[in-house]
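Notes follow once the structure below has been shown.
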Amino acid sequence: MAYDVNTIFQIAGIGIVVAMIHTVLKQMGKEDWAQWVTLIGFVVVLYMVATIVNDLFERIRSIFLFSGG
Amino acid sequence: MPAEILQIVGIGLIAAFLSLIVKEHQPVFAFLLTLAVAAVLLLFLVDYIYEALYLLETIAASTDINLVYLDTVLKIIGIAYITEFGAQMTRDAGEEAIASKIELAGKVLILVISLPIFRVLVETVLSLIPA
């Protein structure tokens, strides 16, 4: 469970850092690079969230819907 | 076990705070953060839900209730939890239409799952009526 809580902080951290990088790159006039950074950060976070949600769904499937179907 | 509630409330408060910060710059990340927090909190609770359900199963096994009924009830509860989760997440993201479709899907699936029980009920009632 401590692992999962770490993931929350990682997601928030990635969000803040990506927002900072986005702002800085935009100030430097590199709009396209800023978009790419945001996109890559989004994909990474999406992967982490998908892992957690998959874990949750598997658990619920094994508890509630155990007999298949 | 009572200390768990402190953990859960703490995680929720901190996550709400972080979500506020991130939402200012990147609303998408805030949504993903909310999703992750909701999933983590449910994962916390799933173990306890399992304990309660295990007790229910034990009780049902010691009586001679048809296990199909208990299975159906468990499936309905599972569908309800998942549907509520998905609907609230999409509603949080501002997609009211998708949320109501998810809820509709949950209702329909629950109805379909409970059809066999309903048929047994109707057959029982019909068999009680003298021809």
Exactly one of B:102, B:82 is surrounded by 15 or more Cβ atoms within 10 Å (Cβ to Cβ), at pLDDT 95 or above and within 20 Å of residue A:58 (Cβ to Cβ), and that one is B:102
Residue count, region B:9-18, condition under 19 Å from residue B:94 (Cβ atoms) and either at pLDDT below 90 or aromatic (Phe, Trp, Tyr) (or both), comes to 0
Long-range neighbours under 9 Å by Cβ, at least six apart or interchain, first residue more than 9 Å from chain A (Cβ to nearest Cβ) and small (Gly, Ala, Ser) within region B:4-19, second surrounded by 11 or more Cβ atoms within 10 Å (Cβ to Cβ) and part of a helix (DSSP H, G or I): B:12/B:37; B:12/B:41; B:16/B:34; B:16/B:37
Going through region A:6-19 one residue at a time, which ones are without any contact (Cβ under 8 Å) to a residue 40 or more places away in the chain and surrounded by 12 or more Cβ atoms within 10 Å (Cβ to Cβ)? A:8, A:9, A:10, A:11, A:12, A:13, A:14, A:15, A:16, A:17, A:18, A:19
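The values are calculated or read from the model by the stated rules, or taken from the named source; none is laboratory data. Just so you know, these numbers come straight off a predicted model, no measurement behind them. Every residue, glycine as well, gets a Cβ built from its backbone with ideal geometry; the counts of neighbours run over all protein chains shown.
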